[in-house]
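Contents: one structure, followed by commentary.
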Amino acid sequence: MNRTFIVAGNWKMYGSRADNASLIEAIASQFPPAPLAQTIVCPPFVYLQEVGRLLRDAEIPVALGAQDVCAEAQGAYTGEVSATMLKDVGCGYVIVGHSERRLGYGEGDELIARKFAAAQAKALIPILCVGEQLAEREAGRTQEVVARELDAVLELCGAEAFSHAVVAYEPCWAIGTGRNATPEQAEEVHRFIRDRIAARNARIADGVRILYGGSLKAGNAGELFAQPDVDGGLIGGASLKAEEFLAILAAARP
Ligand code: PEP
């Protein structure tokens with residue numbers, strides 16, 4: 001199956017209105033006329049609407065995504081942002097289960113599965129992050145951890161839900177550390193993820209985009225993107241630098 005690549009930038013809690021405008025301007029000035037990947041940026045909540053407007057004004061085909069979503073549809077949930085609200089300000093995608101939320105804010109598999117479902121209920125495409133910690137890899141538990149994180153969503157939403165979802169394999173030890181997974185390590189886990197979905201629905205598994213994330217940069221994107229089950233990247237640090245982000249986009253293959 002021919003899977004269109006995705007290159008998504010997770011801006012995390014960085015930026016300002018001025019920084020965002022400069023970044024979009026720099027990306028727009030060099031944006032390829034016929035990119036080989038669907039390109040997405042995920043700014044902090046407060047900047048979503050304005051970044052959406054900047055993208056429209058720049059006339060570049062870059063979609064808007066959020067970094068998180070509330071599992072509830074609406075109500076007395078102080079500080080939370082619903083899927084309806086994200087849709088309302090122009091988001092098409094939302095990251096769920098990023099390891100910085102799993103580990104830093106105690107988000108568990110069940111909550112993340114409910115966030116995934118809440119996003120899809122409002123026609124947002126969830127980007128489900130899964131990945132092991134260093135100690136888990138060293139203990140030979142990578143597949144067990146990734147399977148558990150994936151299964152929580154498969155159980156709640158079914159394999160068919162992955163026809164409108166993206167998976168990101170992000171080994172925690174590679175995020176923000178400058179140490180990326182080797183292409184072989186990434187491919188092994190990506191294949192495992194696809195096979196796990198295929199065990200329930202082979203057709204859906206064949207079409208699902210599985211992104212690699214973790215210290216992805218211009219210098220390593222080519223070899224990671226060359227792997228057969230790597231369908232693009234979720235990029236943190238390097239997505240804040242226009243040149244790096246565009247170079248990663250240029251490494252996408254048809
Ligand atoms: C991320 O935040 O999802 C990420 C992969 O970060 P970095 O590229 O900085 O490792």
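The values are calculated or read from the model by the stated rules, or taken from the named source; none is laboratory data. In this text, all values refer to a predicted model and were calculated from it rather than measured experimentally. Cβ atoms come from the backbone with ideal geometry, glycine included; neighbour counts cover every protein chain shown. SASA here: full protein model, heavy atoms, side chains in, ligands and nucleic acids out. Shrake-Rupley method; radii C 1.70, N 1.55, O 1.52, S 1.80 Å.
If you go through the stretch 68-85 and keep only what is of a type in the set (Gly, Ala, Ser), open to solvent by 10 Å² or more (accessible area, probe 1.4 Å) and either in contact with a helix residue (DSSP H, G or I) (Cβ under 7 Å, 6 or more places away or on another chain) or within 16 Å of the ligand (Cβ to nearest atom) (or both), you end up with Ala71, Ala73. So for the stretch 86-102 (the condition being in contact (Cβ under 8 Å) with a residue 12 or more places away in the chain, within 16 Å of the ligand (Cβ to nearest atom), in a loop (DSSP other than H, G, I, E, B) and open to solvent by 30 Å² or more (accessible area, probe 1.4 Å)), does at least one residue qualify? The answer is no, given that none of the residues of the stretch 86-102 is in contact (Cβ under 8 Å) with a residue 12 or more places away in the chain, within 16 Å of the ligand (Cβ to nearest atom), in a loop (DSSP other than H, G, I, E, B) and open to solvent by 30 Å² or more (accessible area, probe 1.4 Å). Cβ-Cβ distances below 9 Å connect no pair with a first residue in the stretch 166-180 that is acidic (Asp, Glu) and open to solvent by 20 Å² or more (accessible area, probe 1.4 Å), a second residue that is within 9 Å of the ligand (Cβ to nearest atom) and in a loop (DSSP other than H, G, I, E, B), and a separation of six or more residues or different chains.
Would you mind stating whether Ala139 is away from the ligand (no atom under 16 Å from the Cβ) and out of contact with any helix residue (DSSP H, G or I) (no Cβ under 9 Å at 6 or more places or on another chain)?
On the way: away from the ligand (no atom under 16 Å from the Cβ): yes; out of contact with any helix residue (DSSP H, G or I) (no Cβ under 9 Å at 6 or more places or on another chain): yes.
In short, yes.
Within 15 Å of the ligand (Cβ to nearest atom), open to solvent by 20 Å² or more (accessible area, probe 1.4 Å), modelled with pLDDT of 95 or more and not polar (S, T, N, Q): does that describe Glu223? Step through it out loud before you land on a result.
Values: within 15 Å of the ligand (Cβ to nearest atom): no; open to solvent by 20 Å² or more (accessible area, probe 1.4 Å): yes; modelled with pLDDT of 95 or more: yes; not polar (S, T, N, Q): yes.
Taking the combined requirement at face value, the residue does not satisfy it.
For Thr4, are the conditions met, namely being surrounded by fewer than 17 Cβ atoms within 10 Å (Cβ to Cβ) and of a type in the set (Val, Ile, Thr)? Reasoning before the result, please.
On the way: surrounded by fewer than 17 Cβ atoms within 10 Å (Cβ to Cβ): yes; of a type in the set (Val, Ile, Thr): yes.
Yes, satisfied.
Does Gly65 qualify as being within 16 Å of the ligand (Cβ to nearest atom), free of Cβ contacts under 8 Å to residues at least 12 places away in the same chain, of a type outside the set (Phe, Trp, Tyr) and on the phi < 0 side of the Ramachandran plot? So Gly65 fails the test.
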